[in-house]
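Step one of this worksheet: look at the structure below.
The values are calculated or read from the model by the stated rules, or taken from the named source; none is laboratory data. Just so you know, these numbers come straight off a predicted model, no measurement behind them. Cβ placement follows ideal geometry from the backbone for every residue including glycine, while neighbour counts extend to all protein chains displayed.
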Amino acid sequence: MTKLYPSFIHQSALDPRFLMDNLTHVELVLRPRKIEQWLRFGKPIKITKIDKRRQVASFKPYNTFAFVRFASNGKERVIHRLDIVETRRHDDGYQTLPFVRPGGFILLSLNTVEQVDQALRTIDSIERNGVPLTEVPAWYWQELDSDLQSNQPPIIYTLEMHWSCIKNNSL
């Protein structure tokens, strides 16, 4: 019987010690030109090194992170993914996502080269505007997902929008 995936891919994510707490664990892998799984933004409370190519980033509930995944067959990229996820408590409802245990609330999910590249450029613009990416509200990421899925130009989240959201939430 032929294995579809090498065993190292799922080994750490299924390790029971990562499922006994109320944290969300994200498996990060760096095998250049083969598999790259990394965080574009997010504030993990700890990072556990598994080996020289793998780590597990752990997040408290209700934190937001961007998870980027690329995979290549040696000639071209065959997987292009960007997911922005809000972590949840284990007893809350959540959606499952590969390499994210147990899962989270998926705010944005893109899987084409063009969409992922545009989203990463948009994230860069927001960051250049001085907005902390982990503080961008969930509705914005959902709007960005909708814009990019429908081939519409995205609205850039500005510092002024951010201050307005903070002011409205404090009332």
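Annotations
- Among the residues of region 62-85, the one identified as crowded, with 16+ Cβ neighbours inside 10 Å and not in a strand (DSSP E or B) is ASN63.
- When the criteria are applied in full, VAL116 meets the requirement of being hydrophobic (A, V, I, L, M, F, W, C), buried (at least 17 other Cβ atoms within 10 Å of the Cβ) and assigned to a helix (DSSP H, G or I).
- For beta carbons closer than 6 Å, sequence separation of 6+ or different chains, a first residue in region 88-107 that is of a type in the set (S, T, N, Q) and a second that is surrounded by 15 or more Cβ atoms within 10 Å (Cβ to Cβ) and at pLDDT 90 or above, the qualifying pairs are GLN95/GLY103; GLN95/ILE106; THR96/GLY103.
- Of all residues in region 104-113, none satisfies being of a type outside the set (Gly, Ala, Ser), part of a loop (DSSP other than H, G, I, E, B) and surrounded by 14 or more Cβ atoms within 10 Å (Cβ to Cβ).
- Within region 127-138, considering residues that are closer than 17 Å to VAL85 by Cα and touching a His at 6+ places or on another chain (Cβ under 8 Å), the one surrounded by the most Cβ atoms within 10 Å (Cβ to Cβ): VAL136
- Flag if PHE41 is within 18 Å of the chain's Cα centre (by Cα), modelled with pLDDT of 95 or more and either on the phi > 0 side of the Ramachandran plot or of a type outside the set (Asp, Glu) (or both): yes
- The set of residues in region 139-171 being within 19 Å of ARG128 (Cβ to Cβ) and loosely packed, with under 11 Cβ neighbours inside 10 Å consists of PRO153, GLU160.
- Any hit, region 149-161, residues being among the small types (Gly, Ala, Ser) and assigned to a helix (DSSP H, G or I): no
- Single condition ASP124 does not satisfy, out of (1) surrounded by 19 or more Cβ atoms within 10 Å (Cβ to Cβ); (2) modelled with pLDDT of 95 or more; (3) closer than 30 Å to ARG33 by Cβ: (1)
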